[in-house]
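Have a look at the structure below before the remarks.
Just so you know, all these numbers are worked out from the coordinates, no wet-lab data involved. From a predicted model like this one, the values you see are computed outputs, not experimental measurements. With ideal geometry, Cβ positions are generated from the backbone for all residues, glycine too; neighbour counts draw on all protein chains shown.
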Amino acid sequence: MKVKYITLALFFGIIATIKAQENTIHKSNAGIKGGYNLAAVSFDGDGETEQRHSFHVGVYGESFISESFSIQPELMYSQQGYVITDSNGTFTQKLNYINLPLMLKAYPSQNFFLEAGPQIGLAVSHKEEYEGLFSSSQEFDPKSFDWGFNFGGGFKTDSSISFGVRYHLGLGDLYDESKAYNRVWHFSIGFDL
């Protein structure tokens with residue numbers, strides 16, 4: 001009788017172990033993601049402007065190259081730009097991009113990930129807004145191409161919902177006449193499909 005119970009316990013223990021191992025192996029996937037941006041610009045190394053509050057949305061595909069590492073290309077629409085406030089009023093530069101990040105992700109544990117990788121961006125629209133004592137119709141034309149480097153981390157639930165924080169360090173000049181670089185914090189939520 002004891003042998004029967006021990007055999008049953010071992011059998012169910014082996015099945016539970018196999019199921020647990022199946023759950024720890026990541027599978028390649030695709031999904032949608034979106035979230036909140038805090039965007040600013042660094043001018044000539046003199047510090048950053050005030051932040052523009054905006055959003056991003058897009059799609060991704062994640063391919064695992066090993067049990068703990070994956071490559072994740074993305075196609076994202078991202079509202080960026082900056083705000084400058086002085087005694088005359090507020091100037092807002094709204095810059096909207098189609099960005100293509102390529103992230104290398106590391107999973108040090110089942111649900112936690114770190115990520116880093118390059119990004120290129122194409123400016124699809126821009127708009128200047130003036131508020132306060134002055135008004136102007138002057139346009140500041142940004143370059144249409146941007147590039148930089150991203151790094152961040154996040155948490156992915158067992159139900160394939162991910163929460164991430166990412167920082168974009170822009171390395172391409174925004175304008176011809178001055179050194180200005182994008183700086184963007186992305187707070188996102190993603191859903192595997």
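With each label modelled as a point 7 angstrom along the Cα→C-beta vector, the ASP176-LEU38 pair spans 3.5 nm. The mean sequence distance of close C-alpha pairs (under 8 Å, at least 6 residues apart), as a share of the length of segment 27-192, puts its relative contact order at 23 percent.
Measuring r between the beta carbons of LEU75 and LEU169 and using R0 = 22 Å, the FRET efficiency lands at 0.65. Model label points for LEU100 and LYS27, set 7 angstrom from Cα along the Cα-to-Cβ axis, are 2.9 nm apart. Taking a point 7 Å out from the Cα of LEU133 in the direction of its Cβ, the residues of segment 50-86 whose backbone N falls within less than 12 Å of it are 86. When you restrict to C-alpha pairs under 8 Å that are six or more residues apart and normalise by the size of segment 152-193, the relative contact order lands at 39 percent.
Looking at segment 99-193, the GluC sites (Glu not before Pro) that sit in a DSSP loop and have at most 16 other Cβ atoms within 10 Å of their own Cβ are GLU139, GLU177.
With neighbour counts taken as other beta-carbon atoms within 10 Å, the residues SER70, SER159 rank, fewest first, as SER159, SER70. Projecting label points 7 angstrom from Cα along Cα→Cβ for THR157 and VAL59 puts them 2.4 nm apart. Once the Cα-Cα distance is subtracted from the 0.36 nm per residue extended length, the PHE149 to LEU122 segment shows a gain of 8.2 nm. The fewest-to-most ranking of VAL59, VAL83 by surrounding Cβ atoms within 10 Å reads VAL59, VAL83.
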